[in-house]
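Undergrad: Provided herewith is a single structure, encoded as structure tokens, for subsequent inquiry.
The values are calculated or read from the model by the stated rules, or taken from the named source; none is laboratory data. These figures come from a predicted structure and were not determined experimentally. Note that we place each Cβ from the backbone using ideal geometry, even for glycine, and neighbour counts take in every protein chain shown.
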Amino acid sequence: MQLSRRGREWTARILIGAVLTSNLYCAFLFTWQPQVYAPAFELNGASGEAAVRGMGVLFLMWNVPYAVAFINPIKHRMSLWEAVIMQAIGVVGESLILAGLPIEYAIARQSIMRFIVFDLAGLICLLVAVWVSRKQGERGK
């Protein structure tokens with residue numbers, strides 16, 4: 001079964017929207033309730049909360065290409081690819097951070113592992129969105 005252009009666009013939009021919504025949800029939680037999340041990174045006090053708030057702001061900034069791709073994943077294909085690359089950098093970067101974190105930092109390791117799983121799921125959704133929203137003449141039809 002082949003989807004119409006509109007069907008492909010909406011399928012991709014739903015996948016991108018799921019990732020965008022999840023990312024924005026985390027951004028808002030980190031920004032508005034940093035005291036809840038700081039201990040998961042073995043941070044505390046005002047500086048720990050500021051660090052987590054900063055992560056929330058970064059989440060917001062990083063989601064600009066996701067939002068543009070969500071508007072029209074076929075027309076704004078470059079933004080979708082930017083989101084894919086950013087998501088992949090997240091998975092690889094977090095994996096390297098985890099690999100370099102000593103085993104005795106169990107709480108921080110668990111938090112980073114959650115980020116890896118979260119970002120890997122997002123990467124898979126975005127890659128499916130790229131595939132679904134491709135032009136009908138592209139390879140892998």
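Undergrad: Would you please name the residue that is farthest from MET113 (Cα to Cα), looking only at residues in the stretch 87-100 that are among the aliphatic types (A, V, I, L, M) and loosely packed, with under 14 Cβ neighbours inside 10 Å?
TA: Once the filter is applied, the top-ranked residue is ILE89.
Undergrad: Out of everything in the stretch 95-140 that is among the small types (Gly, Ala, Ser) and modelled with pLDDT under 95, what residue ends up being farthest from ILE85 (Cα to Cα)?
TA: Filtering first and then ranking leaves ALA106.
Undergrad: Let me ask you something else. Restrict the check to the stretch 117-138 and report whether at least one residue is over 30 Å from TRP10 (Cα atoms) and under 13 Å from the mean Cα position of the chain (by Cα).
TA: no
Undergrad: With the requirement that a residue be modelled with pLDDT under 95 and of a type outside the set (Lys, Arg), what does the stretch 73-89 give you?
TA: Hit for the stretch 73-89 is ILE74, nothing else.
Undergrad: How about the stretch 33-50: which of its residues are surrounded by fewer than 16 Cβ atoms within 10 Å (Cβ to Cβ) and not charged (D, E, K, R)?
TA: Result: GLN33, GLN35, VAL36, PRO39, ALA40, ASN44, GLY45, ALA46, SER47, ALA50.
Undergrad: For the stretch 99-113, name all the residues that are closer than 18 Å to GLY48 by Cβ and part of a helix (DSSP H, G or I).
TA: ALA106, ILE107, ALA108, ARG109, GLN110, SER111, ILE112
Undergrad: What tally of residues in the stretch 56-81 results from selecting those that are in contact (Cβ under 8 Å) with a residue 12 or more places away in the chain and surrounded by 18 or more Cβ atoms within 10 Å (Cβ to Cβ)?
TA: Qualifying residue count for the region: 10.
Undergrad: Something else now. Can you name the residue in the stretch 24-54 that is among the polar types (S, T, N, Q) and at pLDDT 95 or above and is also nearest to the chain's Cα centre (by Cα) among such residues?
TA: THR31
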